[in-house]
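I have placed the structure first, in the form of structure tokens, so that the comments after it can refer back to it.
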Amino acid sequence: MDTHAHVGFRPVTQGNTLSGTPSDAPKARCAGRSGLWNPLTLTLIVALGALLTWAAALSYYGSFYRGWDAQLYYAHLRSAVMDGDLDATNEIQQLTPGKAVFVSGAPWGGLPTTDDGQLVNVYTVGSSLMGLPGFMIGHIGAIITGQPTDGYSRPYEFAVTLWYALLVVLGCGVLGSALGRWTSARAAWLAVAAIFFGTNLIYYTGILPTMNHAPSFALMCVMLWLALRLYETPDRTRLWLASAVATFLLVLVRPTDVVMLVVLFPAAWQVIRTGWRPALRNGLPVAAAVVGAAVVQILVWRMVFGRWVANAYTEWTGGKGFNFADPKLPEILTSGRGGGWLYHPLYAAAFIGLIAGCVMVRGRQRAVWIAVTAGIVLHIGLYSCWVSWDSGESFGNRIFINSAPLGAMGLAWLIHQTRRPLTFRLAAGAVALAVVWNGLLMAGYIEKTLPHRDEINAAVLCKTQIQTVQRLLP
């Protein structure tokens, strides 16, 4: 197998510096980027899909202030900007239009409280930071249109949710550009489109966008792009600094995503081989970003709890957290309760593609494929030990969205192998079926005709899909 077809530059070591020697592969690939198979076209199509889904959700539900986690993530943003604090009590008890979900069962959902009775928001603040531009646009819109400047009127709702959707759209464009250099423009285009339209990513982009999976996905797309470019040219200090910024946001949005930073290891190893000074210069900012994000979040919890707390979620659940002695494998992959592969087979195909890449790609580029595969294994493996490994009330298992950019690389590799017209048509047909499957599944989930998660298996899922088709047909 020609390894030049999988990477644009072959890094070579020269003394204490690293330089990239261009191969002839990028020239052929640039020619393939014309026409349909280019990142811009991909971005526009994903944007159209996101916008249509967003509009349909607004028409169906009437509001995006829904769900438990989503409203708490948004409460961080609204409270910090409008109230100048991180006390979510007024957002949850008085202001949010969707507060009914918090009064079912235990008072206010059993959220922890401070000594003076204020509700504590147990979630991380990173997605609020990522949503700040959208919120400010909404505030300006509310002033211009004369709407209430309370953080919950329509201008805020529209601007923030569309902003989060835009992050996913831009992330897909970045991801397509990154993967096109390692497979082909056509394979990357189809793989990213398949991941967006054929998995639960589209649901958490357009239907429930205020969850933190949209910024997590977008940041991981950027991180993978940086990791692949740094492998090609490891001595780019500016790219390492950009990686540090992305790392800080990634960890602050969802701390457990830190395990996927393993994708930087192949580039980091090339820098380490040149000496300790470049390794320190380029690696220290990334390490500092991880520590900095952890410190910021712990300080936030110190402010809201009034005492030092290392993990607010365990404070809420009575000490429950990770149980490394009882990982829920293969349940997190294939069970009806929260099996990501059962609900969305494209995730399984993507992982198979990564494994195949690890086996079949030759030369030093194999290290990249191994690192990307390790990122998914570590991420899903870590969540299999989490108390909420099934992601609770979730369309499919939403935690798979965070590592979806890594999986897209495997899916692109599989599609890239279908060079003959017949095999490519078969691959495109399989992708189309996965998209249809996901659309039907989403319809059943929204209409609540999909059986309870504990009752699901492959046979029940197929039967439900057939019933959904019959119901939709005239």
Worksheet entry | For the chain: span of alpha carbons on each principal axis (Å, largest first) | 64, 63, 54
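Could you tally the net charge around residue 207, taking each other residue with its Cβ under 13 Å from the Cβ of residue 207, Lys/Arg +1 and Asp/Glu -1?
Result for the neighbourhood of residue 207: +1.
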Worksheet item: Does anyone have the angle between helix 366-383 and the longest principal axis of the chain? Alpha-carbon axes, 0 to 90°, nearest 10?
Response: 20 degrees
Worksheet item: Taking a 28 Å limit on the Cα-Cα distance, which of the listed pairs 328/463; 328/448; 99/463; 99/320 fall beyond it?
Response: 99/463
Fill in: the chain, helix-only ellipticity at 222 nm - DSSP H runs n ≥ 4, -39,500 (n - 2.57), divided by all residues, nearest 500
-19000 deg cm²/dmol
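Mind ranking 138-144, 366-372 by how tightly packed they are, going by the mean number of other C-beta atoms within 10 angstrom, highest first?
Values: 138-144: 16.4, 366-372: 21.4.
Ranking the peptides 138-144, 366-372 by packing returns 366-372, 138-144.
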Fill in: Sorted peptide list for 460-468, 244-252, 408-416, 374-382, criterion being average Cβ within 10 angstrom, highest first
408-416, 244-252, 374-382, 460-468
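Could you work out the Kirkwood radius for the range 36-94, taking every pair of different alpha carbons, averaging 1/r and inverting it, reported in Å?
Numbers: mean 1/r = 0.0716 Å⁻¹.
About 14.0 Å, per the Kirkwood formula over Cα pairs.
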Discussion item. What do you get for the angle between helix 345-360 and the principal long axis of the chain? Use alpha-carbon atoms, 0 to 90 degrees, nearest ten.
Written reply: 30 degrees
Practice prompt. Mind pulling the angle between the C-alpha long axis of helix 404-416 and the longest principal axis of the chain? Nearest 10 degrees, somewhere in 0 to 90.
Written response: 40 degrees
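Compare the peptides 280-290, 213-223 by average per-residue count of other Cβ atoms within 10 angstrom and give them in order, highest first. Each step should come with its number before you reach the end.
Working: 280-290: 17.0, 213-223: 27.7.
Result, highest mean first: 213-223, 280-290.
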Worksheet item: Going 7 Å from the Cα of residue 279 in the Cα-to-Cβ direction, what parts of the range 248-268 have a backbone nitrogen less than 14 Å from that spot?
Response: 265-268
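Would you work out if the range 47-133 is rounded, prolate or oblate? Take a ≥ b ≥ c from the square roots of the eigenvalues of the alpha-carbon gyration tensor; rounded if a/c is under 1.5, else prolate when a/b is larger than b/c, oblate otherwise. Mind showing how you got there, number by number?
Numbers: a/c = 2.55, a/b = 1.52, b/c = 1.67.
Note, shape of the range 47-133 comes out oblate.
Given a Förster distance of 41 angstrom, what is the FRET efficiency for residue 154 paired with residue 320, based on the Cβ-Cβ distance and rounded to 0.05? Don't skip to the answer; put the middle values down first.
Values: r = 38 Å, r/R0 = 0.93.
Using R0 = 41 Å, I get an efficiency of 0.60.
No value in this document is a laboratory result; all are computed from the given coordinates. Keep in mind it's a predicted model, so treat the numbers as computed, not measured. We place every Cβ from the backbone using ideal geometry, glycine too, and count neighbours over all the protein chains shown.
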